[in-house]
Structure formats: structure tokens, C-alpha cells
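The structure appears below as C-alpha cells.
Rule-based calculations on the coordinates, nothing more; no lab input. Since the structure is predicted, the reported quantities are computational estimates derived from the model, not experimental observations. Cβ: placed from backbone, ideal geometry, glycine included. Neighbour counts: every protein chain shown.
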Amino acid sequence: MKLIFATHNHNKAKEIQSLVPVGIQVLTLDDIECFDEIPETSSTLEGNANQKMQFIIDHYNVNCFADDTGLEIEALNGEPGVYSARYAGEMKDPNQNMELALSKLNGVEDRSARFRTVIALFWQGGKYQFEGIVNGKITLSKSGKDGFGYDPIFEPENCGKTFAEMNLSEKNLVSHRARAFAKMIEFLNQQK
Ligand code: IMP
């Protein structure tokens, strides 16, 4: 059975393929010859995940899922949230995004933050939603070389180091994305 992942990123799809139940084939947008940039115009993670899922349903009417992630900083009322990728502008530059977050938190005592991933799944005619959260804090400066995005300034709770100081398997033990996907995979396993 085919399951379309609303992404053009083959590596993301490969990662999920190794986790879903046997018999489910995870395909990317490119695999189904959808070369569009699917609009993400909602002001919430839930809205964007749903929007991407609905695009696939409307155009292809097949089993599919979409994800959206944001960094939510407590003292900044949940910023950058849904705007995480382009916080400092349309160049989507991770360093500028981190600098902006650090400067806004200059002198702020409460540095608590969380990453949140939302997945919208369309499976056998039903629509489902899964959420994964990791709580932590924004560090005072960048630390670590691995990962991407805000990894060098995000320290998950009880870890004592940033995401960028972890290898992928360490990060996957606690990450927002891994937690959201684990929930979807548990759901798919129960459907068999
Ligand atoms: P996306 O929805 O997975 O494309 O994530 C949106 C943006 O959130 C990314 O461009 C990154 O800036 C940020 N982000 C998402 N996941 C992570 C992560 O695991 N580490 C650091 N930044 C992330």
C-alpha cells in the first residue's frame, strides 16, 4: 500500500520508510510526479500540515501525510513558531534566525522553549493528527556543529547539551519529530 509524504526531500522519506509497517511504501511528491511547491500559508502548524495533506487529497486522493515544525519560545509568546524557517527573512538563513532569537532574548531570564511537530495523516478515508513536543531552553550562545536550523541554540531538558552537540541517533531519542512520527507509526501498526 502506498503512502505519500508531502515533501520533496527523499532523505526524510527514506527515514520514515524504515519505520513504517511492512507492506506500506512511502513515496515523495517527486515519486508521484508532483513538482509543485505546496502552499503553506496558515498561521498555525496544524493549519499548514492540514493544508499540505489536503492538497494531496484534492489532487491525488491517496493515503498521505504532511508535517510542519516550529520552535516556540516562551518569553516571545511562542515566536518564531510557524515562521521558524523564515524568522529573519525570506533567505531562510539559519544563522540569521538564531542571531535574531538570541538578540530578542538578550537579558531575558526565562529562556524556556520547545520544538513542536504536527503531522496530518489521511489514511483509508480518515483524517488524523499527531503531535510531538520536546521541551528545553535557548542557550546563551551557539554550541555544536551537527544538525540544522536552530539546533546549536536549543538544549532539550535533562540533556545538558544542544541538539547540535548530539549525533542523529541521540537526537532521535528525544526529538519532537521522532516523537510525532512514533505516534503515527504506532497508529499505522494498529491498523493492520
Ligand atoms: P519544517 O516544518 O520541518 O520544514 O521546519 C521548519 C523550520 O523549523 C526549519 O526550517 C528549521 O528552522 C526549524 N526546525 C525544524 N525542525 C528542527 C530541528 O530538529 N532542529 C532545529 N530546527 C528545526
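A few remarks follow.
- Only Lys, Arg (+1) and Asp, Glu (-1) charged, at Cβ; the chain dipole about Cα centre in debye: 460 debye
- Sorted ascending by nearby beta carbons within 10 Å, beginning with the fewest, Val22, Val174, Val82, Val62 become Val22, Val62, Val174, Val82.
- Approximating the spin labels as points 7 Å out from Cα along Cα→Cβ, the Ala75-to-Leu173 distance works out to 2.9 nm.
- Between 0 and 90°, nearest 10: helix 45-60 axis offset from the chain longest Cα axis: 20 degrees
- Across the chain, the longest piece that holds none of the chymotrypsin sites (Phe, Trp or Tyr not before Pro) lying in DSSP loops with up to 10 other C-beta atoms within 10 Å covers 36-147.
- Centre separation in Å (Cα based) which lies between the stretch 116-162 and the stretch 6-39: 20 Å
- With Cα atoms, 0 to 90° folded angle of helix 176-190 axis to the chain main axis: 20 degrees
- Where GluC sites (Glu not before Pro) fall in DSSP loop in the stretch 1-98, at most 14 other Cβ within 10 Å: Glu33, Glu37, Glu90
- Residues Leu168, Leu3, Leu71, sorted so that the one with the fewest Cβ neighbours within 10 Å comes first: Leu168, Leu3, Leu71
- The string of couplings for the stretch 128-137 from the Karplus curve (6.51, -1.76, 1.60, θ = phi - 60°) is 9, 9, 10, 10, x, 10, 10, 8, x, 8 Hz, one whole number per residue in order, with x for Gly and Pro.
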